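The values are calculated or read from the model by the stated rules, or taken from the named source; none is laboratory data. Note that the coordinates shown come from a computational prediction; the quantities given were computed from them, not determined experimentally. In this analysis, Cβ positions are derived from the backbone assuming ideal geometry, glycine residues included, and neighbour counts consider all displayed protein chains. Calculation scope for accessible area: heavy atoms of the full protein, side chains included, ligands and nucleic acids excluded. Shrake-Rupley method; radii C 1.70, N 1.55, O 1.52, S 1.80 Å.
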Amino acid sequence: MKQLAVLVIAAATAAASVGSVASAAAIARRQTSASVVLTVDPTNSSTNYFQVHAMLETNLNDSQISQWIAVGGASMSYNATGGITAEIPCAMTVAAGAAGIGIRNPGWAGGIGVLANTLYSTSFYARSDVAQAAPITVGLYDSNGNVLASSTFASAALNSTWTKFSTSFTPTTSTSGSSSWRLTFPSGLANSIQIAYTSLTPPDWNGMPIRADIGQAYADLKPTFIRTPGGNDVQGNSLALRYFWNRTIGDPIHRPGRVGTWTGYNTEGLGLHELLNFVEFVGAQPVLATFAGYSLDHTASPDFSVIAQEVVNELHYVTDASGPWAELRAANGRKDPWTVTKVEIGNEDGLGTGPNTYQQRWNNITGAIKTEFGDSRFELISTWTGIDGWPATDVHDYNFPDFFRNNWRRYDDYTRDGRVYYQDEFAVVNSGLGGDSENVYSGSHRLTYPTVDAALSEAIFMLGLERNGDIVHGAAYAPGGGSGVHYQWTPNLINFAPGNVTARSTSFFTQQGFSLYPTAANLNAVNASLAPESSLVYHQLGRAADGRL
């Protein structure tokens, strides 16, 4: 036997460690000193499959017509029909008026954060029932109405056909928010016109429509798998508002969008292609989440076979190397298939009335997948263990710090029967200072941002997951990102604000640590001179891929 010593000088403040060790004394809010000796047999090891995952949903805040604001006394009205495409039928009419009239939009909650010396691209569609030509100026303006950058179409020719206008500009001044996009008519309008599908974007990040700081944060996290496109956003608030994968591909003007599960509206501009390209770029693979016939209003689809075929079609579109689905994918800009090995069937189907139909929905969908692709092409992941025949499942936990510390041994005694577990949503969401009787979600101690206490508790829980890496193959903090200005759910791993302002939370660095320093093999025969629950020193010993302890 080889003896490894871990000396904790003051567990609340410092620790010398061998392997992966986390101290919970700071969380417990008391000082402790302890000498802990770990005795381990380095020859008794097993392969560790645990990997850090991430979660990526597109349920960001968006602006509807209520966000549009008249400029210069303009009169504007909403049109539910007559838009640029059948998928985007709406438009806005700006009535005839004097010089200087126009419209503006502050974008996301908190306004637009403008970056100096950054090239912004902007576009809009316009038409007029009565042919006319008029100067049109588009630009970015600060909260006082001062122009930051603009471009003018000297004589925009308008007729009854929709015309797209595109331009770009580079501001010389930055703002932290409260700025807005404006479209004005310097000479006024002789006749009313219609405006539709306005767009403002900063430069692409590595060729993708991702904000650079957010994209880089995900890249630096270095997850092995990213579960996308959700989450609750896959289910939708109703069957009509659920995720339709085939409505998120192709030219964005043919993506109808939908009211989001969370706050705002999903334009689906960050659609299936964009999400999978992003996952691939950061060096990860997708856990492809699929709609499984059950929405958040506890309604099941009337025909499960239709849903099963929809999932099969999606998998063909994403993974086929040739054939009609591959040709459609290529026509939409992606020749090569994406690598997909894990497919999750639904989301949290053990909640509400989901259990009433999940077995049948699971059977239909997984049966169709196996018939089409074979039994072993994809790892099929259930979202509830109350059914028969699941080979892998995704467990979700949101709770107090104590819950995660107390559950670090959760998987120690699970039967090793070949089934696999994921924790692809977990987080400390409440400080626990209100006691166990407080509602973890609605209580007054709900966290806005992750804390050191939370991150350490999550680290202890992850040590237990990694120690059981023979059956626990991955875990993800959730949600992955959220606005720090306007939000419905907290806390989030990555918090962003208008402009290039992104906060990587304490929990982010916990996740990143496990990602950067993975354990390839667990050492199984470990004895501690003091139990972690009494010493407050939690441990997980293993070897890296190069054999180092």
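Ordering Ile307, Ile345, Trp325 by Cα displacement along the dipole of the range 297-408 toward the positive end leaves Trp325 in first place; charges were set at the Cβ atoms of Lys, Arg (+1) and Asp, Glu (-1).
Distant-in-sequence amide contacts of Ile226, defined by a placed amide H-H separation under 5 Å and a gap of 5 or more residues or a different chain, comprise Ala54, Gln285, Val287.
Mean sequence separation of contacting Cα pairs (under 8 Å, at least six apart), scaled by the length of the chain, corresponds to a relative contact order of 20 percent.
Relative to one another, the C-alpha centroids of the range 515-549 and the range 353-421 are positioned 26 Å apart.
By accessible area, using a 1.4 Å probe on protein heavy atoms only, the range 195-299 has 55% of its surface on carbon and sulfur. Relative to the first principal axis of the alpha-carbon coordinates of the chain, what is the inclination of helix 304-319, with its axis defined by its Cα atoms, in degrees from 0 to 90 and to the nearest 10? Computed tilt is about 90 degrees.
For the set Phe244, Phe185, the ranking by accessible area, highest first and with no ligand, DNA or RNA atoms included, is Phe244, Phe185 under a 1.4 Å probe. Take every Cα pair under 8 Å in the range 284-412 that's 6+ residues apart, average their separations, divide by the length, and report that relative contact order as a whole percent. Computed value for the range 284-412: 26 percent relative contact order. Backbone amide hydrogens, once placed in the peptide plane, bring Thr261 within less than 5 Å of nothing, excluding anything fewer than 5 places away on its chain. Is the shape of the range 268-418 best called rounded, prolate or oblate, per the rule: a/c under 1.5 gives rounded, else a/b larger than b/c gives prolate, else oblate, with a ≥ b ≥ c the square roots of the Cα gyration tensor eigenvalues? Prolate, since a/c reaches 1.5 and a/b exceeds b/c. The angle between the Cα long axis of helix 272-281 and the longest principal axis of the Cα atoms of the chain comes to about 50 degrees, rounded to the nearest 10. For the chain, the solvent-accessible area of protein heavy atoms averages 41 Å² per residue (probe radius 1.4 Å; ligands and nucleic acids excluded). Charge dipole of the chain (Cα centre as origin; +1 on each Lys and Arg Cβ, -1 on each Asp and Glu Cβ, all else neutral): 980 debye, rounded to the nearest 20. Report, in degrees rounded to the nearest 10, the 0 to 90 angle that the Cα long axis of helix 212-221 makes with the longest principal axis of the chain. Compared with the principal axis, the helix lies near 10 degrees.
Beta bridges per DSSP, both residues in the range 440-549: antiparallel share near 65 percent.
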